[in-house]
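Trainee: Below you will find the structure I want to go over with you.
Bear in mind that the values in this text are calculations on the coordinates, not laboratory data. Note that this is a predicted model, so its numbers are computed, not measured. Cβ coordinates were reconstructed from backbone atoms using ideal geometry, including for glycine residues, and neighbour counts include every protein chain displayed.
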Amino acid sequence: MTFAHDTECSLNAMVALVNTADPDAPNGPDGLADLASLDAHLTEHRWTGARTHDAAELAAVRALRARLRPLWTLPEERVVELVNTFLRDGGALPQLVKHDEWDHHVHAAPATAALADRMVVDFAMAMVDVVRTKELDRLRLCAAPDCDRVMIDLSKNRSRRFCDSTCANRVNVAAFRARRGARRSP
């Protein structure tokens, strides 16, 4: 394991949040279209703490996606600036906590803070580990030519290239068909 379990969970949750927006279609499919989809996302990624369950909370979480996406393309110095901004603006105050079935881990914002603030601070804390361990190259864009989703490669050999198996299968099938077609051509 490259990172602590809670850091990996945060990194995966950040990837999932960023990928709820379709970067190629400003008014296209949205994985956080309503409060029900936000609730499902938060349940899947096991977010705890206070919630308002209103449109303002949904809008604040949706706005995080555009703030987080540059982490995948910026150089280290700019990533550090952005992470520090997230920590400062989110009022980070790291504390060790233990709840539910989780052993001790870090919460850097109080459970009573706004959901979007807790999320951005949590993601920033995960990025602190990524930067400190010089692992920024694990943040990647999907290698499929028709996909702009973000991903984190947590594999031991750093071999992950696609955001999911659908993109990997699509690229591999296209390559197979191209090879087969080349063999059949005179």
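Trainee: Can you tell me which residue among R62, R46 is charged (D, E, K, R), farther than 14 Å from M125 by Cβ, without any contact (Cβ under 8 Å) to a residue 60 or more places away in the chain and part of a loop (DSSP other than H, G, I, E, B)?
Mentor: Among R62, R46, only R46 is charged (D, E, K, R), farther than 14 Å from M125 by Cβ, without any contact (Cβ under 8 Å) to a residue 60 or more places away in the chain and part of a loop (DSSP other than H, G, I, E, B).
Trainee: Would you check which residues across the range 72-89 are surrounded by 13 or more Cβ atoms within 10 Å (Cβ to Cβ) and in a helix (DSSP H, G or I) and list them? Outline the logic, then answer.
Mentor: Looking only at the range 72-89, we keep the residues that are surrounded by 13 or more Cβ atoms within 10 Å (Cβ to Cβ), and these are 72, 74, 79-80, 82-87, 89.
Across the range 72-89, the qualifying residues are W72, V79, V80, L82, V83, N84, T85, F86, L87, D89.
Trainee: Determine which single condition E101 fails, assuming it passes every other condition in (1) surrounded by fewer than 16 Cβ atoms within 10 Å (Cβ to Cβ); (2) part of a loop (DSSP other than H, G, I, E, B); (3) of a type outside the set (V, I, T); (4) touching a residue at least 12 places away in the same chain (Cβ under 8 Å).
Mentor: Status for E101: all satisfied but (4).
Trainee: Take L68 and decide whether it is touching an Asp or Glu at 6+ places or on another chain (Cβ under 7 Å), surrounded by 13 or more Cβ atoms within 10 Å (Cβ to Cβ) and under 28 Å from R140 (Cα atoms).
Mentor: Answer is no for this residue.
Trainee: Next up: Do we have any residue at all in the range 159-168 that's surrounded by fewer than 13 Cβ atoms within 10 Å (Cβ to Cβ) and aliphatic (A, V, I, L, M)?
Mentor: The answer is no, given that none of the residues of the range 159-168 is surrounded by fewer than 13 Cβ atoms within 10 Å (Cβ to Cβ) and aliphatic (A, V, I, L, M).
Trainee: I'd like to check something: does the range 28-37 contain any residue that is in a loop (DSSP other than H, G, I, E, B), surrounded by 17 or more Cβ atoms within 10 Å (Cβ to Cβ) and in contact (Cβ under 8 Å) with a residue 24 or more places away in the chain?
Mentor: Yes, some residue in the range 28-37 is in a loop (DSSP other than H, G, I, E, B), surrounded by 17 or more Cβ atoms within 10 Å (Cβ to Cβ) and in contact (Cβ under 8 Å) with a residue 24 or more places away in the chain.
Trainee: Can you tell me how many residues within the range 107-154 are surrounded by fewer than 16 Cβ atoms within 10 Å (Cβ to Cβ) and over 22 Å from L74 (Cα atoms)?
Mentor: Of the residues in the range 107-154, 3 are surrounded by fewer than 16 Cβ atoms within 10 Å (Cβ to Cβ) and over 22 Å from L74 (Cα atoms).
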